[in-house]
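Report on the structure given below.
What follows draws every value from the coordinates through simple rules; no lab data is involved. Fair warning: this is a prediction, and the values are worked out from it, not measured in the lab. Neighbour counts run over all protein chains shown; Cβ positions are idealised from the backbone, glycine included.
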Amino acid sequence: MYAAIVSLIAQQKPADLVTITSADPSIEMAYLNQIIVNTPSAANIGHYAETVREKALMRSVLAATSRIQEIVHERGRKAAEILDAAQSELSVSESFGIHGDAGRRNAPR
């Protein structure tokens with residue numbers, strides 16, 4: 001199948017269900033159709049991007065909570081200081097989620 005696709009592309013022909021199965025009759029149309037149906041397409045790019053952004057935000061919040069735990073266990077800090085630091089950590093995570101790339105520049109590393 002790969003050879004058929006490469007050949008079609010080299011000939012500047014589309015590589016789709018019909019042309020691939022025509023180029024190589026040994027390829028089963030049902031199998032190729034299954035590959036096409038199960039392969040993500042650019043049509044869903046917005047959804048994929050949102051999923052990636054959501055997962056990144058979750059990682060950012062998780063990292064912030066770990067840093068907050070470290071701050072809480074530091075000796076000699078007052079509760080008000082700890083609360084301010086915690087709010088600061090979470091606001092960085094929040095800006096990452098709301099502003100996407102712009103927030104990432106401000107996200108802790």
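Potential lengthening of the chain between residue 83 and residue 52 amounts to 8.2 nm, from the contour at 0.36 nm per residue minus the alpha-carbon distance.
With viscosity 1.306 mPa s and temperature 10 °C, the Kirkwood radius over alpha carbon pairs of the chain converts through Stokes-Einstein to a diffusion coefficient of 88 µm²/s. Taken along the Cα-to-beta-carbon direction at a fixed 7 Å, the label points for residue 43 and residue 3 span 3.2 nm. Evaluating 6.51 cos²θ - 1.76 cosθ + 1.60 at θ = phi - 60° for every residue in the stretch 82-91, the Karplus couplings come out as 4, 4, 4, 5, 5, 5, 5, 4, 6, 5 Hz, glycine and proline recorded as x. Computed over neighbours whose Cβ is under 15 Å from that of residue 7, the net charge equals -1, Lys and Arg +1, Asp and Glu -1.
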